[in-house]
Amino acid sequence: QVLLAESGGDLVQPGGSLRLSCAASRSISSSYRVGWYRQGPGNQREFVAMIERSGYTNYADSVKGRFTIFRDNAGHTVYLQMNSLKPEDTAVYYCNVVDLGGSYWGQGTQVTVSS
């Protein structure tokens, strides 16, 4: 079991930046992968970015070159650095951890990109 808490969502203007955090109740450094997903108004939840235990990362085409996923050395927090934000990035962002115990989700954090 692992509890996840996302934070860092906010209202930001187009072109701005935000850093989202996903804080885990225990170390997740040995998890198979940690990912960020998002769900915009009227849309299904979609993949944004992920980092595997090996450090391999992968991104949705829509965010490549603008978003970066990384983790802290202690293994309790994974971040999503979001730059050059666009209105279409507006969504609730969720953290997901997949490990031997299963798949876990946080409650989400709202990101709104608007002028």
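The values are calculated or read from the model by the stated rules, or taken from the named source; none is laboratory data. Because the structure is a prediction, the values reported are computed rather than measured. We place every Cβ from the backbone using ideal geometry, glycine too, and count neighbours over all the protein chains shown. Ligands, DNA and RNA are stripped out before the accessible areas are found, and what is left, the full protein with its side chains, is counted by its heavy atoms. Shrake-Rupley method; radii C 1.70, N 1.55, O 1.52, S 1.80 Å.
Just a few scattered comments:
- Cα convex hull volume per residue for region 24-87 (Å³): 99
- Modelled spin labels at Tyr32 and Arg45, positioned 7 Å past Cα toward Cβ, are 1.6 nm from each other.
- Note on the chain: percent of Cα-Cα distances in each 10 Å bin, starting at 0 and stopping at the bin with the largest distance, equals 15, 51, 29, 6, 0.
- Relative contact order %, region 12-96, counting alpha carbon pairs below 8 Å whose residues are six or more apart: 42
- Carbon/sulfur fraction of accessible area - region 1-106, other protein chains in place, 1.4 Å, %: 47
- Projecting the Cα atoms of Thr77, Ser115, Leu20 onto the charge dipole of the chain, computed from C-beta unit charges around the Cα centre, puts Thr77 farthest toward the positive end.
- In region 10-61, the C-alpha radius of gyration followed by the widest Cα-Cα span (Dmax) gives 13.4, 36 angstrom.
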